[in-house]
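> Handing you this structure, nothing more for now.
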Amino acid sequence: MSHPQEPLSSILRPLSTLSPPSNSRTWQSAPHPNLPLVATACSDRTVRVYSLTSFTLLHTITGGHKRSVRSVSWKPGVKGQSVLATGSFDASAGIWRRDERGVEEDFTRRRAGGDGYEDEEEDDDDYQFSCILDGHESEIKSLSWSPSGQFLATCSRDKSVWIWEELEDDNFETIAVLQEHDGDVKCVAWHPEEDLLASASYDDTVRLYKEDADDWVQVAQLNNHGMTVWWVEFEGSGMTKKNFCAQRDGLTDEQARHIELLERSGPRLATCSDDCTVRIWRREPREGAEKTSANTGIPSIIRSMAIDEDWIQEAVLPQQHERAIYSVSWSQKTGLIASAGSDGKILIYKERWKVQASNGVTAEDQDTPMTEKSPLTEWVVIAELFSAHDVFEINHVCWAARSDKGRRNDDDEVILSTGDDGEVKVWVLEEGSVIPET
Amino acid sequence: MDLDKDNANPTILNPSDLPSRHRESAVKKREDGGTGLFHDLIPQYTYLSDPFEQPVSESDSDDDSVEDIDEQEIYDLISSISDPEHPLSLGSLAVVNLPDIHILPPTSPYSSISTVLVEVTPTITHCSLATVIGLGVRVRLEQALPPRFRIDVRIKKGTHSTDEAVNKQLGDKERVAAALENGTLMGVLRKMLSTCE
């Protein structure tokens, strides 16, 4: 295990721990798209909703699923209420709703350390079960709403990915059943700008799908992982204005061209695997395509041929995980990546311009994609935290907006890690270094 | 579940030939159910006594004693599991063997996570129950060992026709978790593990 030569520039400081009353495994956490809430999927068949302001348990959603809740996803873009989808090992997905019009009073009224039981006294305050989505033959492993809220994708051990469309409240129609994978489908994720869906599988591949003349079809297959791919997540929208590319002064022509390439490619994709790697993928921009928007206006007969996308592996992140990596997450604010898994570590990676040898790359090697021969950027680990959940495995890690009293500006973020100990831990990334004693 | 007897006449080892410490059984059952170090942390499991009571007269630091679980102890935990087809233990059928148990220490001074690797040898190459046996071994060790151990159970290379597929299943935490919520399978596992106490 080689450690980075340079000292790590940042540390993860514990901010709070969200502890459920039972410590059975918690699988995944989903921060609410606009409220300071996080929903957690637990193996004790419940979903717990915590406040990210007070770090207390607000709601315990029970009675819906007969087996572990594996995955939770908030519907984006809903006003006045919160809509939560839950996917379970019982092969069903549930839709839950809660009126949020009085949410502000709610937060202040609640006692710290409330155990959720008080909810039962006031029914209208609770998450109401609203409908169930049946169809998968075995455990649902992941589900995800599209950014517009129009589609919900679910995936299962039955090797299929389903896309549901909510025609009106609680009326869901199955619009696609995608059976491209040869094994359990572990994770589904939507592109932030387009109706483009990615799925990761036990068959070691990642597949991407798009709608083509009313049919959802596979448009790309990513093969480089050597083992089960556990998680897939798209980069945020417009990140070149927020990440290391934002500082445009003093760039070389080559670097400027790279930023232009990234902007034409659109958000990239991160995947992580049992093979202990995190990989970054980028879509090759189309010849002559101004933007990567949908192929509107092109006759469908041509579109069918042109719909395939070319995704290339752009980078393998520094390999410092020793066991399966279960989760990887992009910060939408900074472009940093967090990863976590079976070895109990949380790693934070940063992308930066690579210092080029002065006599190195000529400006004229446009024949070879620069990403393959000599990458212009590199990823470095900036923070490494051992035993984030004591000796337990970490099933999920993600970024969320910071909402507690310590928040200094709107872009402040926290990192949420979810473990086999049942806990969700809240971390703050801070500058500073721990010099490892040797 | 109707179990076909794939191997009606397996080789059976004499109990006295099985590996042991030649002394009082190493695995002491804890009558009080207490587990020392980890008991307060995670009360729902029943762990082995972890800082395995050895003379610790010189050292008052319990940090050093956590490596005291050895291969023989792992063997003792899993050799008594019953085979799902035969009324015999995995030890006497030589499905689990002491030389095929490896304990790997933490790879970094900052980590306290050790790995237990167990390679099981199914009684014949196409034994349809290899996955169930492997699952039984994994579940037994997950229940008995402290959570700082990661447990990797594999089919010994070359002993089984579909060993890669079985290994992949046994290594998949999510599949294992889902399997343990399956009542039929749990019934089979409970029966296999009933001879362990």
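> Check A:P36 against each of (1) within 30 Å of B:L180 (Cβ to Cβ); (2) open to solvent by less than 40 Å² (accessible area, probe 1.4 Å); (3) modelled with pLDDT of 95 or more and name the one condition it does not meet.
(1)
> Regarding A:V217, is this residue on the phi < 0 side of the Ramachandran plot and buried (at least 19 other Cβ atoms within 10 Å of the Cβ)?
Criteria not met by A:V217.
> Can you say whether A:H181 is closer than 20 Å to A:D158 by Cα and in a loop (DSSP other than H, G, I, E, B), as far as the supplied structure shows?
In short, yes.
> Name the one entry in B:V118, B:V132, B:V153, B:V137 that is among the aliphatic types (A, V, I, L, M), within 19 Å of the chain's Cα centre (by Cα), more than 10 Å from every other protein chain (Cβ to nearest Cβ) and open to solvent by 10 Å² or more (accessible area, probe 1.4 Å).
B:V132
> Among (1) touching a Pro at 6+ places or on another chain (Cβ under 9 Å); (2) free of Cβ contacts under 8 Å to residues at least 60 places away in the same chain, where does A:R48 come up short?
Condition (2) is where A:R48 drops out.
> Go through region B:167-197 and report how many residues are away from chain A (no Cβ under 11 Å) and either touching a residue at least 40 places away in the same chain (Cβ under 8 Å) or open to solvent by 10 Å² or more (accessible area, probe 1.4 Å) (or both).
Within region B:167-197, residues that are away from chain A (no Cβ under 11 Å) and either touching a residue at least 40 places away in the same chain (Cβ under 8 Å) or open to solvent by 10 Å² or more (accessible area, probe 1.4 Å) (or both) number 15.
> If you take just the strands (runs of 3 or more DSSP E) that sit entirely in region A:296-341, which of them hold at least 1 residues that are of a type in the set (G, A, S), modelled with pLDDT under 95 and touching a helix residue (DSSP H, G or I) at 6+ places or on another chain (Cβ under 8 Å)?
Answer list for region A:296-341: none.
> Considering each residue of region A:198-216, count those that are more than 14 Å from every other protein chain (Cβ to nearest Cβ) and assigned to a strand (DSSP E or B), and give that number.
Going through region A:198-216 one residue at a time, the tally reaches 11.
> Quick one: which residue in A:V206, A:V177 is touching a strand residue (DSSP E or B) at 6+ places or on another chain (Cβ under 8 Å), at pLDDT 95 or above and open to solvent by 10 Å² or more (accessible area, probe 1.4 Å)?
Just one listed residue meets the conditions, A:V177.
> Just the residues that are within 14 Å of chain B (Cβ to nearest Cβ) and assigned to a loop (DSSP other than H, G, I, E, B), please, taken from region A:217-270.
If the condition is that a residue be within 14 Å of chain B (Cβ to nearest Cβ) and assigned to a loop (DSSP other than H, G, I, E, B), then A:H225, A:G226, A:M227, A:T228 are the ones that fit.
> A further question follows. Does region B:72-89 contain at least one residue that is touching an Asp or Glu at 6+ places or on another chain (Cβ under 8 Å) and within 10 Å of chain A (Cβ to nearest Cβ)?
no
The values are calculated or read from the model by the stated rules, or taken from the named source; none is laboratory data. The model shown is predicted, which means the values in this text are computed figures rather than measured ones. No Cβ is skipped: glycine too gets one built from the backbone with ideal geometry, and neighbour counts run over all protein chains shown. Ligands, DNA and RNA are stripped out before the accessible areas are found, and what is left, the full protein with its side chains, is counted by its heavy atoms. Shrake-Rupley method; radii C 1.70, N 1.55, O 1.52, S 1.80 Å.
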